[in-house]
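Presented below is the structure to which this report refers.
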Amino acid sequence: MSQDTTTPPPGASRNAVEDAVAGAVAAHRDEAGALLPILHDVQTELGWLPPEATPLVAKALNLSRADVHGVVSFYADFRDRPPARRVLRICRAEACQSVGGRDLARAAEERLGIGFGETTDGVDLETVFCLGNCALGPSIELDGRLYGRVDAARLEQLLSADSDKAGAP
């Protein structure tokens, strides 16, 4: 069954998607390996990569839809759905795991009632395999802000607080 590309995805108008792709392509078309920067720019503009962006990017770069979709689905940083109101990313790398990261991950899943890669109550729970804050693990990123030495109690405090008033990292 073919994908319907006439209906804009939720949260993004057809013109917004077309404009985001056109702007990204114009900025990167002549670069070697232009696909990744184009996808990043579209996601930055829209907050995610709507499915209707795939054929537009593919056509602009003379790639197949499968090539573009393969890149989008391979890299965890690309979103295939609109982000939740809040995004919680927990480091699952060895340095953080060795100082309580596993317990923190379990606490997050229990607190939110979901697993990694899922959304609930306006929060996306995501895995990341290094936030570059290894000396202060376990580390999280909440709403784009980095926090170190996070335990279950601190996580609860951060999730309960307004993202602008969550406290110092």
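Just so you know, all these numbers are worked out from the coordinates, no wet-lab data involved. A quick note: this is a predicted structure, and the numbers were derived from the prediction, not measured. Don't worry about glycine lacking a Cβ; one is built from the backbone with ideal geometry, like all the others, and counts go over all protein chains shown.
Semi-axes of the equivalent ellipsoid of the range 72-147: what are they in whole Å, largest first, if each equals the square root of 5 times a C-alpha gyration tensor eigenvalue? If you can, show how the numbers build up before the last one.
Values: eigenvalues 78, 42, 24 Å².
After scaling each eigenvalue by five and taking roots: 20, 15, 11 Å.
What does the extension gain come out to for ALA66 and ALA135, with contour length at 0.36 nm per residue minus their alpha carbon separation? Working shown, then result.
Working: separation 69, 0.36 × 69 = 24.84 nm, distance 4.02 nm.
Gain on extension, ALA66 to ALA135, equals 20.8 nm.
Under the definition of Cα pairs under 8 Å and six or more residues apart, what whole-number percent is the relative contact order of the range 86-165? Walk me through the intermediate numbers first.
On the way: 128 pairs, mean separation 29.5, N = 80.
Value for the range 86-165: 37 percent.
Could you check the simple spin-label distance between SER13 and LEU146, using points 7 Å along Cα→Cβ, in nm with one decimal?
3.8
So for the chain, considering every pair of alpha-carbon atoms, how many percent are separated by more than 29 Å?
On the way: 4529 of 14196 pairs.
Here the long-distance tail beyond 29 Å is 32 percent of all Cα pairs in the chain.
Mean residue ellipticity at 222 nm from the helices of the chain, using -39,500 (n - 2.57) per DSSP H segment of n ≥ 4 over the full residue count, to the nearest 500 deg cm²/dmol? Can you show the working numbers first?
Numbers: 6 runs with 66 residues, N = 169.
Calculated mean residue ellipticity at 222 nm is -12000 deg cm²/dmol.
Return the unpartnered cysteines for the chain, using a Cβ-Cβ cut-off of under 4.7 Å.
CYS130, CYS134, each lacking another Cys Cβ under 4.7 Å.
Defining a contact as two alpha carbons under 8 Å apart and six or more residues distant in sequence, what relative contact order in percent does the chain show? Walk me through the numbers on the way to the answer.
Values: 228 pairs, mean separation 27.4, N = 169.
Over the chain, the number comes to 16 percent.
Quote the FRET efficiency, to the nearest 0.05, computed for ASP80 versus ALA26 with a Förster distance R0 of 30 Å and r equal to the Cβ-Cβ distance.
On the way: r = 24 Å, r/R0 = 0.80.
Rounded to the nearest 0.05, the efficiency is 0.80.
In degrees, nearest 10, range 0 to 90: what is the angle between the Cα axis of helix 35-46 and the longest Cα principal axis of the chain?
70
Considering only DSSP beta bridges with both partners in the chain, what is the antiparallel share in %, to the nearest 5? Before the final figure, lay out each step's value.
Working: 9 of 15 bridges.
Percentage antiparallel, nearest 5: 60.
With everything on Cα atoms, drop me the angle between helix 14-28 and the longest principal axis of the chain, reported from 0 to 90° to the nearest 10.
Helix 14-28 sits roughly 90 degrees off the main axis of the chain.
Extending each Cα 7 Å along its Cβ direction at ALA153 and HIS40, get the distance between those two points in nm, one decimal.
Simple spin-label model gives 3.9 nm for this pair.
Taking H placed 1.01 Å from N in the peptide plane, check which residues at least 5 places from SER64 or on another chain put their amide H under 5 Å from its amide H.
Here the answer is none, since no amide H 5 or more places off falls under 5 Å of that of SER64.
Given Cβ point charges of +1 (Lys, Arg) and -1 (Asp, Glu) and nothing else, what value in debye, to the nearest 20, does the dipole of the range 101-144 about its Cα centre take?
Around 220 debye, computed over the range 101-144.
With 18 Å as the cut-off, how large is the P(r) tail for the range 14-74, expressed as percent of Cα-Cα pairs?
Working: 361 of 1830 pairs.
That tail contains 20 percent of the Cα-Cα pairs.
Let's see if you can work this out: charge +1 on each Lys and Arg Cβ, -1 on each Asp and Glu Cβ, no other charges. What is the dipole magnitude of the range 54-169 about its Cα centre, in debye to the nearest 20? All intermediate terms of the calculation are to be shown ahead of the outcome.
Values: 15 positive and 17 negative charges, 43 e Å.
Magnitude of the dipole: close to 200 debye.
Could you tally the net charge around CYS130, taking each other residue with its Cβ under 14 Å from the Cβ of CYS130, Lys/Arg +1 and Asp/Glu -1?
On the way: positive: ARG89, ARG92; negative: ASP77, GLU94, GLU126, GLU141.
Combined, the nearby Lys, Arg, Asp and Glu give -2.
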